[in-house]
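Beneath this line is the structure, given in structure tokens, with notes to follow.
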Amino acid sequence: MNRIFSAFGLVLIVLFSSCDKDSVQSTCATDIDPAFCEPDIVTIDSLRSTRNVLIVGVDGMRSDVITQSSTPFLYGKSIGISSFYNNEHLAEDFTISGPNWSSILTGVHYCKHGVVTNGFDNPNYAEYPHFFSYIEAARPNTNTVSIVNWLPINTELAEGVADYAPTLPITDDAVAQEAASLLQQTSPFVSDVMFLHLDQMDAAGHNYGFSNDIQEYVESAATIDSLLLNLFSIITQKRNQGEEWLFVVVSDHGGFGTGHGGGQGNPEVEQTILLIEELNSRFNQDQETSQVDIVPTVLDYLGIESSRLNCTTDGRSLLN
Ligand SMILES: [Zn+2]
């Protein structure tokens, strides 16, 4: 091939691979060939090797529903001194569940993991895996758990990576109940790093409307708030017994009217909440955040550093 044609080809490759969507944050910054990130060198901070994490994913939680009266627990945490809280946390350009849970759990934007629908067509999780895989590689004895109302998270992403990732239909109440009993019991195993997904806010939004003015949506937020309070009280008990826990609440997108697709540029849809709470950690409070920041933050907290993740991730740790 002569030089003009090869240069033309290069331009085409750049054009087709950049997937620029006019968005500042949620666009892939650079195209990385993961092969250049090999070999993976994993280092472990032994001082952090007994730490634990609970992440609760709340589907379709619009930021304005967090108020002192309807979600007293989350509101209290949002202004707490041990918390990082952002009510302008940025969703992926594709404001639906598949791309966003994928970015939350892999630490890379949709350009890399490839999921732009809820059908999970052609995901590239082989190159950009669920973050549990970094934990399992570094600390194989760590028990990783994923319990979800929206099953594709487990069937597409967590199954085969997590130590426990059930794939039978389950309600939000049952997710929270099973999580509570696993957190409180040491049998059949100790749960060290847990991801949960709750779906009822998204359902209420689709049925009645995503808004702080819609009674049914606010009531579902209040129900979620009490589930979160119950789970957090278990974390508090475990902290009182000397355990160290990072507590995270994040949503995949907001909503407008009774939908949320195509919400790029609409703050009510493309912005949602991120809460991170830990008693002894300090957070970069001024940092803007998007879905890809959760994985680097969690691994940083656990004292796990993967050169491959450092090379491929689009996110940054929020820990100081
Ligand atoms: Zn939805």
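Values in this text are rule-based calculations from the coordinates and carry no lab data. These figures come from a predicted structure and were not determined experimentally. Cβ: placed from backbone, ideal geometry, glycine included. Neighbour counts: every protein chain shown.
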Of 136, 88, 156, the only residue that is closer than 19 Å to residue 317 by Cα and charged (D, E, K, R) is 88
Only unsatisfied item for residue 114, checking (1) buried (at least 23 other Cβ atoms within 10 Å of the Cβ); (2) under 30 Å from residue 266 (Cβ atoms), is (1)
Note on segment 182-201: residues within 16 Å of the ligand (Cβ to nearest atom) and either within 12 Å of residue 234 (Cβ to Cβ) or not hydrophobic (A, V, I, L, M, F, W, C) (or both) are 197, 199, 200
- Query: Does residue 45 satisfy the condition of being over 27 Å from residue 239 (Cβ atoms) and either loosely packed, with under 13 Cβ neighbours inside 10 Å or not hydrophobic (A, V, I, L, M, F, W, C) (or both)?
  - Reply: no
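Per-residue answers, yes or no, for (1) closer than 25 Å to residue 44 by Cα; (2) buried (at least 17 other Cβ atoms within 10 Å of the Cβ); (3) touching a Leu at 6+ places or on another chain (Cβ under 8 Å):
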| position | (1), (2), (3) |
| --- | --- |
| 245 | yes, yes, yes |
| 254 | no, yes, no |
| 268 | no, yes, no |
| 271 | no, yes, yes |
| 280 | yes, no, no |
| 283 | yes, yes, yes |
| 290 | no, yes, yes |
| 310 | yes, no, no |
Of 153, 55, 147, the only residue that is buried (at least 24 other Cβ atoms within 10 Å of the Cβ) and under 30 Å from residue 242 (Cα atoms) is 147
Filtering segment 101-159 for residues that are small (Gly, Ala, Ser) and more than 18 Å from residue 294 (Cβ to Cβ) leaves a count of 4
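Taking the options 179, 204, 174, name whichever one is away from the ligand (no atom under 16 Å from the Cβ), on the phi < 0 side of the Ramachandran plot and buried (at least 22 other Cβ atoms within 10 Å of the Cβ).
Being away from the ligand (no atom under 16 Å from the Cβ), on the phi < 0 side of the Ramachandran plot and buried (at least 22 other Cβ atoms within 10 Å of the Cβ) holds for just one of 179, 204, 174, which is 179.
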Checked segment 33-73 for anything away from the ligand (no atom under 16 Å from the Cβ), closer than 30 Å to residue 220 by Cα and in contact with a Phe, Trp or Tyr (Cβ under 9 Å, 6 or more places away or on another chain); matches are 52, 53, 54, 55, 56, 66, 67, 68, 69, 73
Heads up, the helices (runs of 4 or more DSSP H) in segment 214-320 (entirely inside) with at least 1 residues that are acidic (Asp, Glu) and within 16 Å of the ligand (Cβ to nearest atom) are 215-240, 267-270
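Yes/no per residue for (1) under 14 Å from residue 55 (Cα atoms); (2) without any contact (Cβ under 8 Å) to a residue 40 or more places away in the chain; (3) under 20 Å from the mean Cα position of the chain (by Cα):
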{"site": "167", "(1), (2), (3)": "no, yes, yes"}
{"site": "177", "(1), (2), (3)": "no, yes, no"}
{"site": "183", "(1), (2), (3)": "yes, no, yes"}
{"site": "187", "(1), (2), (3)": "no, yes, no"}
{"site": "207", "(1), (2), (3)": "no, no, no"}
{"site": "227", "(1), (2), (3)": "yes, no, yes"}
{"site": "235", "(1), (2), (3)": "yes, no, yes"}
